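First the structure, in the form of structure tokens, and then the observations on it.
The values are calculated or read from the model by the stated rules, or taken from the named source; none is laboratory data. Predicted model, so just to flag it, every value in this text is computed and none were measured. Glycine gets a Cβ as well: all are built from the backbone with ideal geometry, and neighbour counts include every protein chain shown. Surface accessibility is based on the protein's heavy atoms, side chains included, excluding ligands, DNA and RNA. Shrake-Rupley method; radii C 1.70, N 1.55, O 1.52, S 1.80 Å.
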Amino acid sequence: MYKRFSWPVMFMTLSGTIPFFGILYVIINPMSVRSLVPPEMVGTGIVEIFAHLAMLGYGAVILSFMTGIRWGQGFTTPGEDVNSTTMLLAGVPAIISWIALMIGYIPGNWAAGCMFIVSGCYLLLLAWDSMANYPAWYFTVRIIATLSSVGCLCYAAISAMT
């Protein structure tokens, strides 16, 4: 069946990357939010820590949302069996990202490693979605959104290690 182009779907998919880039901007330029931070905390690194945890958190939440879409596809048309394999595979990245989020709050460089783990889950989900029956235009938008998100997560992870 031919699936037509949808501006709202494209807009919402790409809009999901805006927080990644916004958080990345704060990581690169923490003084950009100095008016939001109490003066005694400026330059203490608290903004950077918060931004890295915000990046990890947003990455985990969006990954869970995306795997939830695939999980919902496990319910096929009425009268057909539930696709247990799809539902199982869709749940795994959400659980991994939740565990990564919890581990990321451990003091040290744990958040950096966890951002790499979440990035890997994004890439695995993209590979799996390449086999789905999505329209070509949507998959192109997904590639852009996924690579943007992974790029922001990886940059944040590398900056967290320094």
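Brief remarks on what is shown
- The chain - accessible surface per residue (Å², probe 1.4 Å): 59 Å²
- Residue-averaged [θ]222 nm for the chain, counting only DSSP H segments that reach four residues, each worth -39500 (n - 2.57): -24000 deg cm²/dmol
- Packing rank of 86-99, 143-156, where each peptide gets the mean count of other beta carbons within 10 Å, highest leading: 143-156, 86-99
- Total formal charge among the other residues, if their Cβ is under 12 angstrom from that of VAL9, Lys/Arg +1 and Asp/Glu -1: +3
- Which label in [x] 10.4; [y] 12.6; [z] 10.9 gives the computed mean projected area of the Cα convex hull in nm²: [z]
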